[in-house]
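Chemist: Pasting a structure below so you can have a look.
The values are calculated or read from the model by the stated rules, or taken from the named source; none is laboratory data. Predicted model only: the values in this text are computed from it and were never measured. Cβ placement follows ideal geometry from the backbone for every residue including glycine, while neighbour counts extend to all protein chains displayed. The protein model used for the area step is the full one, side chains on, heavy atoms only, and it has no ligands, DNA or RNA in it. Shrake-Rupley method; radii C 1.70, N 1.55, O 1.52, S 1.80 Å.
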Amino acid sequence: MSKLSEEVLLIVNHVRQKKTDGTLYLMGERLAWMVQSKNTFSISHMYADIKAQKISPDSKDKVQLQIVMHDGSANTFHFNCSGGRSAQIRDRDSVKELLQQLLPKFKKKISSALEEKNRLLQENPELFQLYKDLVVSGVISPDEFWLSHTHRFTSGNKSTEGQVVGVSPAFLADIKPQTDGCNGLKYNLTADIIESIFKTYPMVRKKHAEYVPHEMTESEFWTRFFQSHYFHRDRTILGTKDIFTDCAKNDEKEMKDEIEKRISDPLLDLTRCADNSVDEGYRGINEDSRRSSNTTNQSIIRRFNHHSTMVLRACEAKSKPAADSSKSEESNGVTVLSNGQHSLPNGVVASTSKNDIKEPPQKKARIKEKLELEDLCTLKNEKVVNLRLGRIERYLHGPTPATISKYTTSEKVIEANQLVAEEIHKWVPDLSQVLLCGNAIGVLGELSPGGALMQGTTNQQLHQMVPQAVQDEVRQQYNALCELLRHFWSCFPVASKFLEEKVVKMRSTLEKFQLAKLNPLKDKLGQNHYHINLTGHMEDMLIAAYNKFDAWKAKKMTKR
């Protein structure tokens, strides 16, 4: 064993793996399997790397257990005890039950990025082969490999912003306290409720940043929040020691500002709204004189109105930029002058007050919104190019076929046919300038594949000469080399310390690839005596990269 101090929890003999007998070991941190005739482990897996275990069904003759890894690989163990099927099932169940206890202890969370990489490797065999050639063999690191394949991730292609979750008007009412059994109340706050409080009341967010965790904990802060005047709506007395006193004063100021602010809706005037009698039997009030003298009720109503205003303001925060852009589009037809006047598109200068500058475009937009419907609007006529026809009948009917009788009756056609017939009858072939048949066959043979003038060519195509297995191997090495060269050439121009270190590392990596992968492939192809160097193009690519690195190195040395 590699570690003499490892704790062995279970040893199971007569366990086959790929038709080879061996022994299965379950230790403190890993599972291992050893061939009977050896003293070293042939298979060793850490429990943290094991994703799941599977067992064979009872209807199957073989009693097997499969270990599935996080990288997608798997190993199957066949229990082949001589005691019969019952003993084999007993051995397998002992391993299965022990793994059920050990795997949760060593289970690690796999990030969504790792799951995405695993999915890509399973769906793309070429990418998986490239991963094995470069990463598994240790040529480059996994981070460098996935750096050039980030475009394959579905999450990386989706750069759209997620949907903004609104604020519920009753989010404070939904916080239902529970008794803790000691004359106390317990509030359960979720992350969504806390975020809703921060969105609706920015002053609470400010206080949270000031006091947590410098002066009090998170729990103490929210305890004081629910005990304060700021949360209890029926309290009218502001405490001096309450940290939320400033928040309450700020709310009072905002309420006054909202009352003084007039609604800039040209089609709605709330000041003129009054209750009138509609019909007999319906009570109408011409003048509303109902006012409450209870200060607590007034405070509650004001708090309700302020809460609704803050919820609307929090929801409108995201749509404000879009509204600003639409307002700018609406006011494109008006030019504001320096003397408080504005010029209309027709050149008329109108003098307006400060409050009336924004009213005309808003009123125009609202009226347009009420009167015009997109579904009922007429389509805009686009400018088209008129089609000019010289002969309309040819455009409508196409070319008309000529009748046979029109030419057969012509004397010129008959005379031409007679002349052609006489020329053909008098024609005698002149072969004095033609090669002899023997010479022509000889030249044709020399110019054919395999002839004297066509050395290095055969009648057989190259893909027919090279076996499919060799083609696949050359293709794999070519893809691996292209991946390495992509990392190498991405370093130029070398404009940072990081790129300098990377280009030096990639230079050594290319040499390592040439020695470990390309040269053995070249020797293997040389044994088959192919007339074409199948690795010549890859060698040229490497030479170009080496020359680029040497030129950069020499230029760097001259600067020093």
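Chemist: Here is a list: His70, His78, His14. Which entry is under 43 Å from the mean Cα position of the chain (by Cα) and farther than 30 Å from Leu120 by Cα?
Modeler: Of His70, His78, His14, the one residue that is under 43 Å from the mean Cα position of the chain (by Cα) and farther than 30 Å from Leu120 by Cα is His78.
Chemist: Just one of His531, His537 is part of a loop (DSSP other than H, G, I, E, B), open to solvent by 50 Å² or more (accessible area, probe 1.4 Å) and not acidic (Asp, Glu); which is it? So that I can check it myself, show each step before the final result.
Modeler: Values: His537 fails: part of a loop (DSSP other than H, G, I, E, B).
Step by step, each of His531, His537 is checked, and only His531 is part of a loop (DSSP other than H, G, I, E, B), open to solvent by 50 Å² or more (accessible area, probe 1.4 Å) and not acidic (Asp, Glu).
Chemist: Scan the stretch 512-524 and report the pairs whose first residue is farther than 16 Å from Gly536 by Cβ and whose second residue is open to solvent by less than 50 Å² (accessible area, probe 1.4 Å) and among the aliphatic types (A, V, I, L, M), with Cβ atoms within less than 9 Å and a gap of 6+ or a chain change.
Modeler: Lys512/Val139; Phe513/Leu134; Phe513/Val139; Phe513/Ala480; Phe513/Leu481; Phe513/Leu484; Phe513/Leu542; Ala516/Val139
Chemist: What's the number of the only condition in (1) surrounded by fewer than 18 Cβ atoms within 10 Å (Cβ to Cβ); (2) assigned to a strand (DSSP E or B); (3) among the small types (Gly, Ala, Ser) that Ala32 fails to meet?
Modeler: In the conditions (1) surrounded by fewer than 18 Cβ atoms within 10 Å (Cβ to Cβ); (2) assigned to a strand (DSSP E or B); (3) among the small types (Gly, Ala, Ser), Ala32 misses (1) alone.
Chemist: Taking the condition within 60 Å of the chain's Cα centre (by Cα), modelled with pLDDT of 80 or more and open to solvent by 100 Å² or more (accessible area, probe 1.4 Å), does Gln418 pass?
Modeler: On the way: within 60 Å of the chain's Cα centre (by Cα): no; modelled with pLDDT of 80 or more: yes; open to solvent by 100 Å² or more (accessible area, probe 1.4 Å): yes.
Taking the combined requirement at face value, the residue does not satisfy it.
Chemist: I'd like to verify a number: residues in the stretch 436-465 that are in a helix (DSSP H, G or I), surrounded by 11 or more Cβ atoms within 10 Å (Cβ to Cβ) and modelled with pLDDT under 80, how many?
Modeler: Of the residues in that region, 2 qualify.
Chemist: Okay, moving on. Which count do you get for residues in the stretch 67-93 that are outside any loop (DSSP other than H, G, I, E, B), under 14 Å from Lys54 (Cα atoms) and either without any contact (Cβ under 8 Å) to a residue 24 or more places away in the chain or open to solvent by 40 Å² or more (accessible area, probe 1.4 Å) (or both)? Quick ask: steps written out before the conclusion?
Modeler: Pass one, the stretch 67-93, residues outside any loop (DSSP other than H, G, I, E, B): 67-69, 74-79, 85-93.
Okay, now just the ones that are also under 14 Å from Lys54 (Cα atoms), so 67-69, 74-79, 89, 92-93.
Add one more test, that the residue is either without any contact (Cβ under 8 Å) to a residue 24 or more places away in the chain or open to solvent by 40 Å² or more (accessible area, probe 1.4 Å) (or both), and what stays is 68, 74, 76, 89, 93.
The qualifying residues number 5.
Chemist: Here is a follow-up. Please find, within the stretch 22-49, the residue that is nearest to Cys81 (Cα to Cα) out of those that are of a type in the set (Val, Ile, Thr) and in contact with a strand residue (DSSP E or B) (Cβ under 6 Å, 6 or more places away or on another chain).
Modeler: Here is the first cut: in the stretch 22-49, the ones of a type in the set (Val, Ile, Thr) are 23, 35, 40, 43.
Applying the additional criterion that residues be in contact with a strand residue (DSSP E or B) (Cβ under 6 Å, 6 or more places away or on another chain) yields 23, 35, 43.
Details: Thr23: 11, Val35: 15, Ile43: 20 Å.
Once the filter is applied, the top-ranked residue is Thr23.
Chemist: Quick check: anything in the stretch 468-478 open to solvent by 70 Å² or more (accessible area, probe 1.4 Å), of a type in the set (S, T, N, Q) and under 30 Å from Phe128 (Cβ atoms)?
Modeler: Yes, the conditions are met somewhere in the stretch 468-478.
Chemist: Okay, next question. Mind checking which helices (runs of 4 or more DSSP H) fall wholly inside the stretch 350-415 and carry at least 3 residues that are modelled with pLDDT of 75 or more? If you could, list the steps in order and put the result at the bottom.
Modeler: Numbers: elements: 359-371, 392-397, 404-408.
Output list reads 359-371.
Chemist: A follow-up question, please. Being surrounded by fewer than 20 Cβ atoms within 10 Å (Cβ to Cβ) and among the charged types (D, E, K, R) is the filter here; which residues of the stretch 479-494 pass it?
Modeler: Of everything in the stretch 479-494, just one residue is surrounded by fewer than 20 Cβ atoms within 10 Å (Cβ to Cβ) and among the charged types (D, E, K, R), namely Arg486.
Chemist: Still on this model: Quick one: which residue in Tyr282, Tyr230, Tyr211 is at pLDDT below 70, surrounded by 13 or more Cβ atoms within 10 Å (Cβ to Cβ) and hydroxyl-bearing (Ser, Thr, Tyr)? First the steps, then the outcome.
Modeler: Numbers: Tyr282 fails: surrounded by 13 or more Cβ atoms within 10 Å (Cβ to Cβ); Tyr211 fails: at pLDDT below 70.
On inspection, the qualifying residue turns out to be Tyr230.
Chemist: Can I ask one more? Would you confirm whether or not the stretch 528-550 contains a residue that is of a type in the set (Lys, Arg), within 36 Å of the chain's Cα centre (by Cα) and within 22 Å of Pro142 (Cα to Cα)?
Modeler: Scanning the stretch 528-550, I find no residue that is of a type in the set (Lys, Arg), within 36 Å of the chain's Cα centre (by Cα) and within 22 Å of Pro142 (Cα to Cα), so the answer is no.
Chemist: Kindly list the number of the only condition in (1) modelled with pLDDT of 75 or more; (2) open to solvent by 80 Å² or more (accessible area, probe 1.4 Å); (3) under 30 Å from Ser299 (Cα atoms); (4) under 35 Å from the mean Cα position of the chain (by Cα) that fails for Pro169.
Modeler: Just one mismatch for Pro169, condition (1).
Chemist: Looking at the stretch 95-118, is at least one residue without any contact (Cβ under 8 Å) to a residue 12 or more places away in the chain and either surrounded by 12 or more Cβ atoms within 10 Å (Cβ to Cβ) or in contact with a helix residue (DSSP H, G or I) (Cβ under 8 Å, 6 or more places away or on another chain) (or both)?
Modeler: No; the residues of the stretch 95-118 include none that is without any contact (Cβ under 8 Å) to a residue 12 or more places away in the chain and either surrounded by 12 or more Cβ atoms within 10 Å (Cβ to Cβ) or in contact with a helix residue (DSSP H, G or I) (Cβ under 8 Å, 6 or more places away or on another chain) (or both).
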